[in-house]
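In what follows, a structure is listed as structure tokens, so that the remarks can point back to it.
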Amino acid sequence: MRTDLSINGEHFSLEADPRTTLLDALRHHLHLTGTKKGCDHGQCGACTVLVNGRRINSCLTLACMHDGDAITTIEGLGVPGQLSPLQEAFVEFDGYQCGYCTPGQICSATAMLDEVKAGWPSHVTEDVNDMPKLTEAEIAERMSGNLCRCACYPNIVDAIMDVAEGGHK
């Protein structure tokens, strides 16, 4: 089945079995290996990418479902020498150890910060009628779909807080 994908601002025409997940299309067909395959069941978040600005687990969706969508992977957020603010903060605050979950963490955090700016409440938002305040509890709740097996959570939270407070631009 032919699927036209816009990934990191580039057009790709993919010819693949309609059962091919977006994750497998990215990694095996298009050789964009920044997105990681962790559990392959949507439980770890290592495969998180942005589709039309919203974060999704790419292992749980089929590539053909995203014909014409704008997909952003970790490769599209920044490149060596021109890192995104979150990528810079993850480096500065040592928000990784083995690094396997890092691409998914950064993609998820990128979308999460946009959700907060848009005023989207979470389960722990104290007043859903007010703009959410980015606290450790808010970040923990909003990033709960992204696991780090190295338990680097305090550094990840510090990196996200730094970017949210304007530390990296």
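When both region 82-103 and region 28-79 are represented by their alpha-carbon centers, they are found 18 Å apart. All other residues whose Cβ lies under 14 angstrom from that of L22 are scored, Lys and Arg at +1 and Asp and Glu at -1, for a net of 0. Axis angle, to the nearest 10 degrees, between helix 102-117 and the longest C-alpha principal axis of the chain: 60 degrees. Here the dipole of the chain is about 440 debye; that uses its Cα centre as origin and unit charges on the Cβ of Lys and Arg (positive) and Asp and Glu (negative). The order of the peptides 31-39, 18-26 by mean Cβ neighbours within 10 Å, most packed first, is 18-26, 31-39. Peptides 5-17, 145-157 ranked from most to least packed give 145-157, 5-17, packing being the mean of other C-beta atoms within 10 angstrom over each peptide's residues. Across region 1-140, Cα-Cα pairs more than 21 Å apart make up 45 percent of the total. With axes computed from alpha carbons, what is the tilt in degrees of helix 153-164 against the longest principal axis of the chain, rounded to the nearest 10 within 0 to 90? On a 0 to 90 degree scale, this one is about 90. Calculated mean residue ellipticity, 222 nm, the chain: -8000 deg cm²/dmol, from DSSP H runs (n ≥ 4) at -39500 (n - 2.57) each, averaged per residue and rounded to 500.
Relative to its Kirkwood radius, the Cα radius of gyration of region 85-164 gives an Rg/Rh of 0.96.
Every number in this text was worked out from the coordinates using simple rules, so none of it is lab data. This is a predicted model, so every value here is computed, not measured. Don't worry about glycine lacking a Cβ; one is built from the backbone with ideal geometry, like all the others, and counts go over all protein chains shown.
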